[in-house]
Amino acid sequence: MLFDVWINFDHFQILRAIGKGSFGKVCIVQKRDTEKMYAMKYMNKQQCIERDEVRNVFRELEILQEIEHVFLVNLWYSFQDEEDMFMVVDLLLGGDLRYHLQQNVHFSEDAVKLYLCEMTLALDYLQSQHIIHRDVKPDNILLDEQGHAHLTDFNIATIIKDGERATALAGTKPYMAPEIFQSFISGGTGYAFEVDWWSLGVTAFEVLRGWRPYDIHASNSVESLIQLFSTVSVQYSPAWPKDLVALLRKLLTVNPEHRFSSLSDMQASPYLASVNWDAVYEKKMEPGFVPNKGRLHCDPTFELEEMILESRPLHKKKKRLAKNRSRDNSKDSQSENDYLQECLEVVQQEFMIFNRERYVEVKKQRSVYDKS
């Protein structure tokens, strides 16, 4: 889907580095014409090719171009240059829940109740779009400056339609539902949207308690985890209201057929019976935790690394690309690694350019045309 190919790196001013993912970095940018601030994720093409992650980037882009929701981190633009692929998304300055847990923030029950409701609406929307996120965890829930929660990082999300099931062993082990491991071991029937609701249960428990319901680490074998789910029972805090414990039990039900896994399930819970869901959607419910507005809620070492350690810093990109172009023109291209060059050309051709502003405009024009 092509919308306005003219959006490029030069349209943005780079302000500072704020994060680093498995194969991408994130910085705050300002669009020069509108002065609007965004987060910009950029991924080095060569590294993505070497790590076999181009397909993940393309799938994430494909998903993000088709979705938009008040409790998601939404895509605004995507573009590329010779070195990098770029995604420009909503900027949320409140930090992620993992950061705040590491800062020893004590989240009140009311704060977590609202996160549960906001993430319920986000997951319900994703389910309506046939999307399993597969990586719901505190690290991927960002807060805006008012304290509302937004789900981010669709790097391992997948689309399932018409009763299909996913089968890949994908996710972050401590948050992965039992049926993902079961499917991997026995082949089984695979899994579906219920896995995200299990992850939501683990996340809510952790944000409330400070630790997870099961003591699971990346080093645990799949076999040992299947054994653990069948033998270990979750210990809930005696201080928590009974209705809250009942809801968490329904999210952390090992059998996905009996697990809460929809908006209607959550609305039927006594714990959420009095919630005004329209007010939640319109962000009229007051968050129980509001991040301090006077500071950036991220690790300051990201900025230092970008300035000192990064071999291809963003702020020197223009000069570097100009130098590379003149060097490429003056030498025999055969001396390049042919396979890498081929892959880079495929990425260049298949990368999806997107401009949400233009997309919205086109949709409006189409609806006016349809009415006439």
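Readers should treat all values here as calculations from the given coordinates under stated rules, not as data from a laboratory. The model shown is predicted, which means the values in this text are computed figures rather than measured ones. Neighbour counts run over all protein chains shown; Cβ positions are idealised from the backbone, glycine included.
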Q: Quote the relative contact order of segment 97-281 in percent (integer), defining contacts as alpha-carbon pairs under 8 Å separated by 6+ residues.
A: 23 percent
Q | Estimated dipole of the chain in Debye, rounded to 20 [Cβ of Lys and Arg +1, of Asp and Glu -1, Cα centre] | A | 680 debye
(Q) Counting other beta carbons within 10 Å of each residue's own, what order do TRP240, TRP76, TRP197, TRP6 fall into, fewest first? (A) TRP6, TRP240, TRP76, TRP197
Q.
If you take every residue apart from GLY190 with its C-beta less than 10 Å away from the C-beta of GLY190, what net charge results, scoring Lys and Arg +1 and Asp and Glu -1?
A. -1
Q) Remind me, what semi-axes does segment 97-281 give for its equivalent ellipsoid, largest first in whole Å, using sqrt of 5 times each Cα gyration tensor eigenvalue? A) 24, 19, 16
**Q.** Rounded to 10°, Cα long-axis angle of helix 338-350 versus longest principal axis of the chain
**A.** 70 degrees
Q) Assigning unit charges at the beta carbon (Lys, Arg +1; Asp, Glu -1) and nothing else, what dipole magnitude in debye, to the nearest 20, does segment 97-281 show about its Cα centre? A) 440 debye
Q) Quick one: what do you get for the chain if you divide its Cα Rg by 2.2 N^0.38 Å? A) 1.06
Q) Expressed in nm to one decimal, what extension gain is obtained for the pair ASP338 and THR34 from 0.36 nm per residue of sequence separation less their Cα-Cα distance? A) 105.3 nm
Q) In degrees, nearest 10, range 0 to 90: what is the angle between the Cα axis of helix 317-329 and the longest Cα principal axis of the chain? A) 50 degrees
Q: Considering only lysines 8 or more places apart in sequence, or on different chains, count the pairs in segment 1-121 whose C-alpha atoms sit under 26 Å apart.
A: 9
Q.
Which residue, GLY190, HIS133, THR172, has the largest displacement toward the positive end of the dipole of segment 125-190 when charges sit on each Cβ (Lys, Arg +1; Asp, Glu -1)?
A. GLY190
Q: Mind putting a number on the dipole of segment 1-100 about its Cα centre? Charges go on the C-beta only, +1 for Lys and Arg and -1 for Asp and Glu, and I need it in Debye to the nearest 20.
A: 420 debye
Q: Work out the charge dipole of the chain with +1 on the Cβ of Lys and Arg and -1 on the Cβ of Asp and Glu about the Cα centre, then indicate which of LEU244, LEU228, VAL54 is farthest towards its positive end.
A: LEU244
Q: Mind jotting down the distance between the C-alpha centroids of segment 128-171 and segment 225-248, whole Å?
A: 23 Å
(Q) Contact order normalised by length for the chain, with contacts defined as Cα pairs under 8 Å and 6 or more residues apart; what percent is it? (A) 22 percent
Q) log10 I(q)/I(0), Debye, Cα-only segment 178-293, no solvent, q = 0.22 Å⁻¹? A) -1.38
**Q.** Helix 242-251 axis, angle to the chain major axis (alpha carbon atoms, nearest 10°)
**A.** 50 degrees
Q | Within-11-Å neighbourhood charge of GLN127 [Cβ basis; K, R +1; D, E -1] | A | -3
